[in-house]
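J.: Dumping the structure here so I can ask a few things about it.
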Amino acid sequence: MMELQLRTYTKSADIPDLPITNVFYRKELFQVYECTPHYKPILIVVAAAKEKEDGKVLSALLGVVHRGENWRSLLRRCEVYGTGEYFTEDADFQEELFGMMLAELTNEAIKKAWMISFRNLEDPLFGYREFRQQKYFSIKWMRVLNKFSLMKEIIETANHSRRRQIRKALHSSCKIEEATSREDINAFSIMLRRNYSSKVRRHFPSIRFFEEFYKKLSKEKMGSIYIVRYHEHIIGGSVVLYNKDRAYLIFNGGMNRTCKSKYPGVLSVWKALHEARARGCHDFEYIDAGLPFRTHGLRDFALRFGARPQSSRRWFRLRINWLNSLLTLIYR
């Protein structure tokens, strides 16, 4: 029986070099969160404890406790993307490792956050028993993705109205490019804050998030910020995270009211889709587009690009025990 050692990191200075390849658990993303006001990352690592195998990392999981700067989102919450990265092929052992990390993360985060949520699960059934043991409840969710085809151009997968918008916008005086300076990052983040819908995400980060994203992730080719410029003014843009063969659209927006005829939000996603395909990505996922409502603006926006929904779930745990127990009974 292998002896295991659980390590919890709350400061990037304490994190050694780790063989983590999944961008959602890497030290660079931890540092982005760490430098962002109101964000507190927690990295859980399980390693072998025996002398001969000391330092051999077996799994890793990163969560972030945060709140937005807006007065409407003062409550802290903890978000986790996926269920961890594993350096073993044994499925049963992976579940055991996940159970250890989940218990530790829950104990750490529930002291600081009113809710913990696990989202964007690759396998909705992974860790089911472990989640139930830690008193989590699940809600049916969706993931919204574009799957790139070798036989079709990106514009061909969009519906008729979206193709018309793309062609019209491309013939305007707008320029679409990747942000390469701090000035562009600052102007983009200010524009996005003013035009981003709170219906999509209430917990909008400060400008430091985008600055650190550019310094830690964009320069290492793990993420990109694309901007739409019109007469030297930034009117739209998107933020994309790259993980192996999949791209994730984590923010997107534009001045769609004052520059409606330029379609800045559409152009920024069109650029992100093209760059993701050029990098060899197979899928392009729209974060926060899978809310389980009959109608949802971001999901409808993505579907017009030819995206398709996939059934999934999210796991939740609330700090208030009686409310958590009630919701567990409702969502059995």
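Computed from the coordinates by the stated procedures, all read-outs in this text should not be read as laboratory data. Computed from a predicted model, the values in this text were never measured in an experiment. For neighbour counting, all protein chains shown are included, and Cβ atoms are generated from backbone atoms with ideal geometry for every residue, glycine included.
J.: Using 18 Å as the Cα-Cα cut-off, could you pick out the over-long pairs in K221/K271; K168/K271; K175/K271; K221/K262; K40/K221?
T.: Working: K221/K271 16 Å; K168/K271 15 Å; K175/K271 10 Å; K221/K262 29 Å; K40/K221 24 Å.
With Cα atoms farther than 18 Å apart: K221/K262; K40/K221.
J.: Amide H to amide H, which residues 5 or more places from S312 or on other chains are under 5 Å from it, using H placed in the peptide plane?
T.: Placed amide hydrogens put W141, M142, R143 under 5 Å from S312.
J.: If each DSSP helix of 4+ residues adds -39,500 (n - 2.57) and the sum is divided by the residues in the chain, what number results at 222 nm, nearest 500 deg cm²/dmol? Please list the in-between numbers first.
T.: Values: 10 runs with 101 residues, N = 332.
Result for the chain: -9000 deg cm²/dmol, rounded to the nearest 500.
J.: Name the lysines eligible as straight-distance cross-link partners of K56: C-alpha to C-alpha under 19 Å, and not fewer than 8 places from it in the same chain.
T.: Within the straight-line cut-off, K56 pairs with K27.
J.: Next question. Would you mind checking the tilt of helix 264-278 against the longest principal axis of the Cα atoms of the chain, expressed as 0 to 90 degrees and rounded to 10?
T.: Between helix and principal axis, roughly 60 degrees.
J.: Any idea what angle helix 91-109 forms with the longest principal axis of the chain, computed on alpha-carbon atoms, 0 to 90 degrees, nearest 10?
T.: Helix 91-109 and the main axis of the chain meet at about 80 degrees.
J.: HN-Hα J couplings of the range 26-39 from phi, Karplus 6.51/-1.76/1.60, θ = phi - 60°, integer Hz, Gly and Pro as x?
T.: Result, rounded to whole Hz: 6, 4, 4, 5, 4, 5, 4, 4, 4, 7, 8, x, 6, 10.
J.: If you don't mind, another one. At a 10 angstrom cut-off on C-beta neighbours, averaged per residue, how do the peptides 315-324, 205-214 rank from highest to lowest?
T.: On the way: 315-324: 16.1, 205-214: 20.8.
Peptide ranking by packing, descending: 205-214, 315-324.
J.: On a 0 to 90° scale, report how tilted helix 321-330 is relative to the longest principal axis of the chain, with both axes built from alpha carbons and the result rounded to the nearest 10.
T.: Here the helix axis deviates by roughly 70 degrees.
J.: Then there is this: Show the residues, 5+ positions off or on another chain, whose built amide H is closer than 5 Å to the amide H of L58.
T.: Counting only residues 5 or more places away or on other chains, the set is V46, A47, A48.
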